[in-house]
Amino acid sequence: MEVPTSEPVSPARRAEEVLARNRRGDWTCPSSELYPHQWLWDSCFVAMGLARSDPARAAGELRSLLRGQWSNGLVPHMVFSPDVPDVGSRRIWQSTRHPEAPRDIHTSCITQPPLVAVAALRVGQALEPADRRAFLVEVLPKLIAYHRWLYRERDPHRRGLITLIHPWECGLDTTPPWMVALRRLPQPWWMRLVTGLRLARVVRFVRRDTRFVPAAERVSEDDGLRMLVLAHRARRSGFRLDRLPPDSSVQIEDLAFNALLVVSNRALREIAAELGEPIDAELGERFAATEQAFDELWDDRAGQYFSRDARTDALLTMPTVATFLPLWSGVTSAAQTERLLALLRDTVRFWPAYPVPSVPLDAPEFDPTRYWKGPTWVNMNWAIIQGLRAHGETDLAEELRRRTLDLVTQAGPCEYFSPLDGEGLGAEDFSWTAALTLDLLADPGGAG
Ligand code: 9WN
């Protein structure tokens, strides 16, 4: 018989409950109300957290993500749940019109930070040897097909960097550089009318997210509408970079995406080497070119990395948390590393009471509660911790790990948090926060 207790629920227990509640058979949705489908990088974070306690479920999470893979290699950023009648979202994509898309399931037609190989490597390490080999043999060709798709379709001119065509692909959806690029696009007449007459607020009544979360914590109506307009325009071009009209599209060599791609390329090499099927020279050259291209994203005056406009070659010089991700990619020189570490420790910019804010405190766009405009996100902290450990910065990594866990212990496994007072924001029971909490709890020394 269970003895009633007044002990507060431990963060590990709470995290496990969230992952049980958000489970949908083989896969896990990010949040039952707000995000009822499967998302690419969410599932990768979930799998990495689950690998600590339930590697079989973690492997199932990645297998089910890959059931959405297209025959051309694309791993879509969303796989729609057949049980959720979310007609509005599916209409944007209409994936089944594409001959390469799966027939039996609806997906989006764009991708998201390509962490699948990183997650597959970690899940493989947690499985028993026989299961591990079977799992890796199954996923390796799919991962290679995905990375080939990225280079073939999104780096056609061999610049070394992958170009994204929609902010939903970068994962940090409303991050300032993307929103500024979006605002420069010519808008359809109705959008100009809506913005001019300040009618965008009306949209709030038909939005799904603000039914669950206060509007002040979400994307603004104007930015939200622009993102929808962009998705509809991209649909007209079949979501193909080579068919996008240059004047009414956004094409960005995104910093966070490419930094995580470098980590994933490395993981893919490791998996392939373990199975005795090394990556071929052609793909290997593409991997090397991405690492080399990072210097083109470095702004020495600012001492930071930025995303780049693929059409004009201009750096989008709005500072964000993404600047720290190349630390994990291992592409920074000693001098760049020093400058990034100093920036991270700077208390007026990136190190408030609850670091690391998604936009620095002194930036004009900083808003402590609004989605990707300032709040602290556990997945960003987790990635920065990996980078700090890779550079032997174990004290700073430990400090950030401790502060991140404090945040989750105090506010619960929320989607994001105020970097100023630690208030929990967005969805309350958010899967990647829960999963990465389990990973951080299980891994105090960075041995994993
Ligand atoms: C659009 C699911 C996803 C995350 C993204 C986050 C948010 C979706 C949305 O939620 O994006 O893809 O509806 O705003 O920005 O990183 O994967 O958690």
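The values are calculated or read from the model by the stated rules, or taken from the named source; none is laboratory data. Fair warning: this is a prediction, and the values are worked out from it, not measured in the lab. In this analysis, Cβ positions are derived from the backbone assuming ideal geometry, glycine residues included, and neighbour counts consider all displayed protein chains. These area figures cover heavy atoms from the full protein model, side chains too; ligands, DNA and RNA do not enter into them. Shrake-Rupley method; radii C 1.70, N 1.55, O 1.52, S 1.80 Å.
Carbon and sulfur atoms: what percent of the 1.4 Å accessible area of the chain do they account for? Working shown, then result.
Values: 9340 of 18120 Å².
Of all accessible area on the chain, carbon and sulfur atoms account for 52 percent.
Need one number for the stretch 310-448: average projected area of the convex hull over its C-alpha atoms, nm². Each step should come with its number before you reach the end.
Details: hull surface 35.2 nm².
So the mean shadow area of the Cα hull is 8.8 nm².
Quick one: what are the phi-derived ³J(HN,Hα) couplings along the stretch 22-39, Karplus 6.51/-1.76/1.60 with θ = phi - 60°, whole Hz, x for glycine and proline?
My calculation for the stretch 22-39 gives 8, 6, 10, x, 7, 10, 10, 7, x, 7, 4, 8, 6, 10, x, 9, 9, 10 Hz in order.
Show the residues, 5+ positions off or on another chain, whose built amide H is closer than 5 Å to the amide H of Arg24.
Under 5 Å from the amide H of Arg24: Cys29.
Kindly sort Tyr416, Tyr371 by accessible area of their heavy atoms, largest first, with the probe set to 1.4 Å. Mind showing how you got there, number by number?
Details: Tyr416 0, Tyr371 25 Å².
Correct descending sequence by accessible area is Tyr371, Tyr416.
To the nearest 20 debye, what charge dipole does the stretch 298-448 have about its Cα centre, counting +1 at the Cβ of each Lys and Arg and -1 at the Cβ of each Asp and Glu?
280 debye
Treating the beta-carbon of each Lys and Arg as +1 and of each Asp and Glu as -1, no other charges, what is the dipole magnitude of the stretch 46-195 about its Cα centre, to the nearest 20 debye? Spell out each step's value before the answer.
Details: 20 positive and 13 negative charges, 100 e Å.
In debye, rounded to 20, the stretch 46-195 gives about 480.
If you place +1 on the Cβ of every Lys and Arg and -1 on the Cβ of every Asp and Glu, how big does the dipole about the Cα centre of the chain come out, in debye to the nearest 20?
On the way: 53 positive and 59 negative charges, 341 e Å.
With Lys and Arg at +1 and Asp and Glu at -1, about 1640 debye.
Among Met191, Val263, Leu425, whose Cα lies farthest out toward the positive end of the dipole of the chain, if unit charges sit on the beta carbon of Lys, Arg (+1) and Asp, Glu (-1)?
Met191
Enter the mean projected area of the convex hull around the alpha-carbon atoms of the stretch 136-199, in nm², rounded to one decimal. Don't skip to the answer; put the middle values down first.
On the way: hull surface 28.1 nm².
Averaged projected hull area, Cα only: 7.0 nm².
If only Cα atoms are counted, what is the Rg of the stretch 1-134, and what is its Dmax, in Å?
16.6, 57
What is the Å³ per residue value for the convex hull set by the Cα atoms of the stretch 335-389? Show your work: numbers first, answer last.
Details: hull volume 4.4 nm³, N = 55.
Cα convex hull per residue, to the nearest whole number: 80 Å³.
Got a sec? Charge dipole of the stretch 317-448, +1 on Cβ for Lys and Arg, -1 for Asp and Glu; which of Trp372, Thr317, Pro413 is way out at the positive end?
Going by the Cα projections, it comes out as Thr317.
With every protein chain left in place, what is the accessible area per residue of the chain in square angstrom, probe 1.4 Å? Don't skip to the answer; put the middle values down first.
Values: 18120 Å² over 448 residues.
Dividing the accessible area of the chain by its residue count gives 40 Å².
Convert each backbone phi in the stretch 54-70 into a coupling constant with the Karplus relation 6.51 cos²θ - 1.76 cosθ + 1.60 (shift: θ = phi - 60°), then list the ³J(HN,Hα) values in order as whole Hz, x for Gly and Pro.
9, x, 5, 5, 4, 5, x, 4, 6, 4, 6, 4, 6, 5, x, 5, 7
Please compute, for the alpha-carbon atoms of the chain, the extent along each of the three principal axes and give them in descending order in Å.
Cα extents, longest axis first: 64, 52, 51 Å.
At a probe radius of 1.4 Å, what is the per-residue accessible area of Ser32, in Å² to the nearest 10?
40 Å²
When the Debye formula is applied to the Cα atoms of the stretch 151-301, each taken as the same point scatterer, what base-10 log of I(q)/I(0) results at q = 0.08, 0.14, 0.21, 0.22 Å⁻¹?
Normalising to I(0) and taking log10 leaves -0.32, -0.82, -1.31, -1.39.
With Cβ to Cβ distances under 12 Å as the rule, what net charge do the other residues near His147 carry (K, R +1; D, E -1)? Provide the component values of the computation, followed by the final result.
Numbers: positive: Lys142, Arg148, Arg152, Arg154, Arg266, Arg269, Arg286; negative: Glu153, Asp155, Asp280, Glu282.
Taking every other residue near His147 into account, the sum is +3.
Of Ser81, Ser220, which has the most accessible area with a 1.4 Å probe, and how do the rest follow in descending order? Please report the intermediate quantities before stating the final value.
Working: Ser81 5, Ser220 35 Å².
Descending order: Ser220, Ser81.
Determine the order of Arg91, Arg311, Arg122, Arg236 by accessible area, beginning with the largest, at a probe radius of 1.4 Å.
Working: Arg91 150, Arg311 105, Arg122 50, Arg236 195 Å².
Sorted descending by solvent-accessible area, the residues read Arg236, Arg91, Arg311, Arg122.
Select from Pro214, Ala434, Leu182 the residue farthest towards the positive end of the dipole of the chain; place +1 on Cβ of Lys and Arg, -1 on Cβ of Asp and Glu, and compute about the Cα centre.
Sorting the options by dipole projection puts first Leu182.
For the stretch 306-319, take each phi angle, set θ = phi - 60°, evaluate the Karplus expression 6.51 cos²θ - 1.76 cosθ + 1.60, and give the result in whole Hz per residue in order, putting x for glycine and proline.
9, 6, 10, 6, 6, 8, 9, 6, 7, 6, 9, 7, 9, x
Compute the whole-percent fraction of alpha carbon pairs in the stretch 76-211 spaced more than 23 Å apart. Intermediate results must be reported in sequence, preceding the final value.
Working: 5023 of 9180 pairs.
Counting pairs separated by more than 23 Å, the tail of P(r) holds 55 percent.
With viscosity set to 0.890 mPa s and temperature to 25 °C, compute the Stokes-Einstein D of the stretch 306-357, Rh being the Kirkwood radius across alpha carbon pairs; µm²/s, no decimals. Before the final figure, lay out the partial values.
Working: Rh = 12.2 Å.
Stokes-Einstein gives a translational diffusion coefficient of 201 µm²/s.
What are the semi-axes of the equivalent ellipsoid of the stretch 18-67, taken as the square roots of 5 times the eigenvalues of the Cα gyration tensor, listed largest first and rounded to whole Å?
Values: eigenvalues 48, 27, 16 Å².
Output for the stretch 18-67: semi-axes of 15, 12, 9 Å.
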